[in-house]
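Structure, as structure tokens:
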Amino acid sequence: MILSAPVIFTFGGLATGSLQDATLPFWLVSIGFLVLGVLFALRLPHVDTIVAVIGAGLMLLGAIDAGLLVLAFWMAGGLWLVTGSAAQWRATASDRSVSVGACPAPSPAWTLVSHAPGSPSSAPPNCCPPPSTRSSSATRS
């Protein structure tokens with residue numbers, strides 16, 4: 001919705017008559033932004049990066065052409081930049097996450113806990129069982 005808001009507002013301006021003379025570049029940019037919003041909603045790869053780059057470009061355009069709408073360009077560009085960057089960060093963070101059923105790697109802090117030799121629990125509490133005792137359903141991902 002955030003990505004398609006500028007296009008919705010301009011279509012509202014066309015409908016009320018406050019925006020006139022919609023030429024071919026207007027229609028190309030409007031359709032492009034709507035398609036980009038749909039692709040972003042579908043979570044296609046690299047669309048979030050494209051959104052962030054367009055947002056940075058809008059902010060740069062507002063800095064170069066210091067007209068009446070500088071604040072609007074900075075707000076829209078910043079919103080797109082943050083939206084695209086956050087989606088990219090979320091996508092890469094989910095790629096780095098541990099899969100369901102995987103055991104965490106032992107922490108160096110666990111080695112500071114001393115257990116009596118031969119005690120049944122030489123690992124910290126709530127640790128995954130050794131691979132030989134795991135059920136087959138727990139190892140599937």
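Counting just the residues of region 71-85 that are touching a residue at least 60 places away in the same chain (Cβ under 8 Å) and open to solvent by less than 80 Å² (accessible area, probe 1.4 Å), which one comes out nearest to the chain's Cα centre (by Cα)?
Across region 71-85, the extreme among qualifying residues is 83.
Check 68, 61, 44 and return the single one that is at pLDDT below 90, assigned to a helix (DSSP H, G or I) and among the hydrophobic types (A, V, I, L, M, F, W, C). Testing whether each residue is at pLDDT below 90, assigned to a helix (DSSP H, G or I) and among the hydrophobic types (A, V, I, L, M, F, W, C) leaves just 61.
The values are calculated or read from the model by the stated rules, or taken from the named source; none is laboratory data. This structure is a prediction, so every number in the text was calculated from the model and none was measured. Note that each Cβ is placed from the backbone with ideal geometry, even for glycine, and that neighbours are counted across all protein chains shown. Surface areas here come from the heavy atoms of the whole protein model, side chains and all, with no ligands, DNA or RNA. Shrake-Rupley method; radii C 1.70, N 1.55, O 1.52, S 1.80 Å.
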